[in-house]
Amino acid sequence: MKSDQNLRIVTIILAIIGLADSIYLTAIKITNTAAYCLPGLGDCETVNTSRFSEIFGVPIALLGAFAYAMILLIQYLENKNAFFTANGSLLLFGISLVGVLYSAYLTYVEIAVIHAICPYCVISAFVLLGIFVISTIRLFRNQGSQNS
């Protein structure tokens, strides 16, 4: 189906944007350097040095990079492997759902606890939301076509 292929392409583009964003945030976290932010566009430094920027010493951004890499891998394997052809949209839905929920939590933490917003985190949140919406559409379409 052509529209499904278009949705996959948009997912790939979004995942590449998210991966680049996450790699950048991981690099600045690991090297302990300040993120480049235009004046007045947020406070990445406060967010990236907060106690919420890691889980058990692992940068949150690295976990995000892993999630985006998994999304890209699933998209790559979806037409090459029977398991991923049958389950790719469900796997994408699951990964993006977890990502959106965790991203919503982190956005809450930025606003209510840290009192600082990182524009790169906002980009990742919107990218994940886009992938989640697309994966939901694809999941329902695939379920509908299997029931027909």
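At a glance:
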| item | result |
| --- | --- |
| Residues of region 28-40 satisfying the condition of being assigned to a helix (DSSP H, G or I) and either within 20 Å of Phe93 (Cα to Cα) or out of contact with any Ser or Thr (no Cβ under 8 Å at 6 or more places or on another chain) (or both) | Ile28, Ile30, Thr31 |
| Set Ile17, Ile13: member being surrounded by fewer than 18 Cβ atoms within 10 Å (Cβ to Cβ), out of contact with any helix residue (DSSP H, G or I) (no Cβ under 8 Å at 6 or more places or on another chain) and not in a loop (DSSP other than H, G, I, E, B) | Ile13 |
| Pair list, Cβ under 6 Å, 6 or more apart: region 101-128 residue on the phi < 0 side of the Ramachandran plot and crowded, with 18+ Cβ neighbours inside 10 Å, other residue polar (S, T, N, Q) and not in a helix (DSSP H, G or I) | Ile114/Ser50 |
| Subset of region 1-48 [within 30 Å of Asn142 (Cβ to Cβ) and more than 17 Å from the chain's Cα centre (by Cα)] | Met1, Lys2, Ser3, Asp4, Gln5, Asn6 |
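Conditions (1) more than 25 Å from Ala27 (Cβ to Cβ); (2) outside any helix (DSSP H, G or I); (3) of a type outside the set (Asp, Glu); (4) in contact with a Gly (Cβ under 6 Å, 6 or more places away or on another chain), marked per residue:
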| residue | (1), (2), (3), (4) |
| --- | --- |
| Leu62 | no, no, yes, no |
| Asn87 | yes, no, yes, no |
| Val100 | no, no, yes, no |
| Ala116 | no, yes, yes, no |
| Leu128 | no, no, yes, yes |
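Every number in this text was worked out from the coordinates using simple rules, so none of it is lab data. In this text, all values refer to a predicted model and were calculated from it rather than measured experimentally. Neighbour counts are summed over all protein chains in view; Cβ atoms, including those assigned to glycine, are modelled from backbone coordinates with ideal geometry.
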